[in-house]
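To start, the structure itself, in structure tokens.
The values are calculated or read from the model by the stated rules, or taken from the named source; none is laboratory data. Keep in mind that this is a model prediction, so the values were computed, not measured. Glycine gets a Cβ as well: all are built from the backbone with ideal geometry, and neighbour counts include every protein chain shown. For the accessible areas, the whole protein counts, side chains as well, though only heavy atoms, and no ligand, DNA or RNA atoms are used. Shrake-Rupley method; radii C 1.70, N 1.55, O 1.52, S 1.80 Å.
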Amino acid sequence: MSKFINPFTDVGFKRIFGQEISKPVLIAFLNSLLSKERSIVDVKFLDKEQIGLADGDRSLIYDILCETETGEHIIVEMQNKYQPYFKKRSIYYVSRSIVEQGERGVSGSTTSRLSIWLLF
């Protein structure tokens, strides 16, 4: 059995970056990718599993879903091989994140600033 965790597997990636104890590692990783465009000082881990909004809707499971102290949502997905529907899935994930920020029944209630970062 190996004593190292492979960060390029789904389980390894979530184990390294998706736990409260590894929050400083995740923050440093995200800040290195953002190249000083933004500076993340803290993140809060949100529920990674989102059930469908209505009967028949698809559920989704993010690799890591975070919220910054300014209220911005960060979806972290790791892909290490070609996925034919990755672009469509990414659009669906971002769309659901936007919808989740609003209040039910209130038009124009998305109050947090929206940022979308896709890193390939």
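What to note about this one:
- Residue that is most open to solvent (accessible area, probe 1.4 Å), among those in the range 20-42 that are acidic (Asp, Glu) and at pLDDT 80 or above: Glu20
- Residue match in the range 34-57 (condition: assigned to a helix (DSSP H, G or I), over 15 Å from Glu100 (Cβ atoms) and touching a residue at least 12 places away in the same chain (Cβ under 8 Å)): yes
- Of everything in the range 1-14 that is part of a loop (DSSP other than H, G, I, E, B) and out of contact with any helix residue (DSSP H, G or I) (no Cβ under 8 Å at 6 or more places or on another chain), the residue that is most open to solvent (accessible area, probe 1.4 Å) is Met1.
- Of all residues in the range 65-102, those satisfying the criterion of being free of Cβ contacts under 8 Å to residues at least 40 places away in the same chain and part of a strand (DSSP E or B) are Leu65, Glu67, Thr68, His73, Ile75.
- Matching option when the condition is under 20 Å from Glu67 (Cβ atoms) and open to solvent by less than 40 Å² (accessible area, probe 1.4 Å), among Phe45, Phe17: Phe17
- Selection status of Glu67, closer than 30 Å to Pro24 by Cβ, in contact with a Phe, Trp or Tyr (Cβ under 9 Å, 6 or more places away or on another chain) and at pLDDT 75 or above: no
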